[in-house]
Amino acid sequence: MTAIQDTTVRAQPRTLSERITRAISKSPVHIILGLIGLVWLVPTLGLFITSFRPSADMRATGWWNVLVEPRFTTSNYERVIEAEGMGQAFLNSLFITVPSTLAPLVIASMAAFALAWVKFPFRDTIFLFIVALLMIPVQIGFIPLVNMFRPTGLLQNYGALWIAHTAFALPFGIFLLRNFFITLPKDLIEAARIDGASNWGIFRTIVIPLSVPAIAAYGIFQFLWVWNDLLMALVYAQRNAIQPMTVRVTQLLGTYASEWSLLAAAAFLIMIVPLIVFLSLQRYFVQGLLAGSVK
Amino acid sequence: MAVANPPAGTTGGSSGKATGGGFSWAALFFMGPAALLLVVLLIFPTFYSLALSFNRGRGGQFSEWVGFDNYVRLFTADPNFLRLGFPPSGALWNNVLWLIFYTSLCVLLGLIIAVMATRVRYEALIKAIVFLPMAIAATAIAIIWRFVYFPSSETGLLNALLGIGGVGPVAFLGSPDTVNWALIVVGVWGSVGFATVILSAAIKGISSEVLEAARVDGANETQIFWRIIVPMVSLPISVVAVTLIVNVIKLFDLIYVMTNGGPGTSSRVIAFAMYQEAFPAGRFGYGAAIAVVMLLMLIPIIIFNVRRFRTEAVQQ
């Protein structure tokens, strides 16, 4: 990044007038970027502030009035977590997301390993076929899978969501990981084979440890994908007690269409985990999302 | 499926305990779980939905063969899906609006922000700010923006700003004339960060000598933008555009939470129509037909992707 900036910074301004000229010529850039920054920050900030305002204040004045009448409360969070069931929904989101992330991680890694390093007939054709499956919309599965799951009772617990999320995550995971595994040094893997290592041994002791960045990127992408999903949960979680936060919030919207303090608190409960992931694992996160650009 | 049962073949690996003995089992062991899930949960349902789309599909079961009726009705007799006239309307038409305006605005704004950001010290910060909505659930983005659009001059941010100019509160999401534009703005807000980050990486790949040479020759920044930067990152632009187009075809959460397709049915999109027809309305054959239309819209992109990776796969 610094290298790039160096190329755009030309000769240092020598005189005061030169410096002023440069500042003025650059000021439109600063103004536009400043405005863009505001447009991208202020809506979220406004909701964040609202989530801590007493609802009487929220109904009377805009959130920007906290500048003149700073009154804050955590009661909105207490109410949505306890009385409105967002606490249970938070746990549901977690119970849905963790297995739906770990299962495809394991299954896709194994398949990607076979496609990269185990020779078998039609291997490359099968890989291209999986690339084609990347684009199958989840809607294609709704009716057949609901029919398939209904007699099993899986729609009444987390099972249907786990299975559906895992299956629809596989093409992307296999695609991403196979393309990463194939770049690992061939000599290393051949040497291990000559030393008598099994495929499983090579997979576990060489391929996986060397592929942590790609696996982390896929894991984060899948975690956020499931955590943030609304549509699959609407279809495959057919009992209130198991529904994730995204579904619970839409129900709150139906009941409290303009209770913004409550809705804001609920929205931030959904956002908190992804924001923590974003701020702590930003590098893998961006890689994951960029790699996801083919999904 | 060839995937499910790989014949005994050549393998580079020796046998291992976990692979269950003979070397030909290695591929099956590693591919098996994925192959089984893909066949049962993706490939079989694709054919099931395709077959159901030619059926009435009462109760989600095959009840009565109706030929192309569902498709004919979708494109000619369902104003909620497509109404040709002036102006056209319906879910499919709304997708066209999204396709044109969401895609081009994301790419254009992404390019502009990426180019401008390289010229300031706080480049990383501005990119992080614009990228942040990528982390947020569409459900949360929808609530953030319902609040921004809230039709009250006292508490809705946008209407408070309009109120300063003496304009009365506008119900952006409550009028068929404005609702789709208001939604597209939110979609763009959510996706520009993606375009910015990808295009920014591409722009940094442009040799600084090229840009310097243009400047020395007297090109101004606008000319450099349109005549040098845009042509030189045309491939990343097409990759970004394809991703955004896929987003448009799959767009659901934002619509469901912000407007539930309303007012009336004026902000429906195709993925919303599929959900609505199949589940709350219980028209399963009809819903399956919409899912198949979605798949057909994605097939050009499947071909694009397979072509892109065929060369690489064959080299291995």
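Brief remarks on what is shown
- Residues satisfying the criterion are absent from segment B:70-88 (criterion: buried (at least 19 other Cβ atoms within 10 Å of the Cβ), of a type in the set (Phe, Trp, Tyr) and at pLDDT 95 or above).
- With respect to the stated conditions, B:Gly166 fails to be more than 10 Å from every other protein chain (Cβ to nearest Cβ), of a type in the set (Gly, Ala, Ser) and under 29 Å from B:Leu99 (Cβ atoms).
- Subset of segment A:41-87 that is within 8 Å of chain B (Cβ to nearest Cβ) and not in a helix (DSSP H, G or I) - its residue that is surrounded by the fewest Cβ atoms within 10 Å (Cβ to Cβ): A:Thr61
- Of the listed requirements (1) in a helix (DSSP H, G or I); (2) at the interface with chain B (Cβ under 9 Å from one of its Cβ atoms), A:Phe223 misses just one: (2).
- Residue among B:Ile299, B:Ile270, B:Ile255 that is modelled with pLDDT of 90 or more and surrounded by fewer than 13 Cβ atoms within 10 Å (Cβ to Cβ): B:Ile299
- Some residue of segment A:88-108 being under 26 Å from the mean Cα position of the chain (by Cα), over 30 Å from A:Arg239 (Cα atoms), within 10 Å of another protein chain (Cβ to nearest Cβ) and buried (at least 24 other Cβ atoms within 10 Å of the Cβ): no
- Top-ranked residue in segment A:72-99 [being of a type in the set (Gly, Ala, Ser) and in contact with a helix residue (DSSP H, G or I) (Cβ under 8 Å, 6 or more places away or on another chain); ranked as modelled with the lowest pLDDT]: A:Gly85
- Considering only residues in segment B:217-252 that are under 22 Å from A:Pro28 (Cα atoms) and among the β-branched types (Val, Ile, Thr), the one that is surrounded by the fewest Cβ atoms within 10 Å (Cβ to Cβ) turns out to be B:Thr222.
- Only listed residue being surrounded by fewer than 16 Cβ atoms within 10 Å (Cβ to Cβ) and within 25 Å of B:Ile301 (Cβ to Cβ), chosen from A:Phe168, A:Phe122, A:Phe175, A:Phe180: A:Phe122
- Condition check for A:Pro144: facing chain B (nearest Cβ under 10 Å), in a loop (DSSP other than H, G, I, E, B) and within 28 Å of B:Asn55 (Cα to Cα): no
- For segment B:46-64, the set of residues classified as outside any loop (DSSP other than H, G, I, E, B), more than 10 Å from chain A (Cβ to nearest Cβ) and modelled with pLDDT of 90 or more consists of B:Asn55 only.
- Residue list for segment B:32-45, restricted to those being within 7 Å of another protein chain (Cβ to nearest Cβ), farther than 14 Å from A:Phe129 by Cα and surrounded by 19 or more Cβ atoms within 10 Å (Cβ to Cβ): B:Leu37, B:Leu41, B:Pro45
The values are calculated or read from the model by the stated rules, or taken from the named source; none is laboratory data. In this text, all values refer to a predicted model and were calculated from it rather than measured experimentally. Quick reminder, even Gly has a Cβ in these numbers, built from the backbone with ideal geometry, and neighbours come from all protein chains shown.
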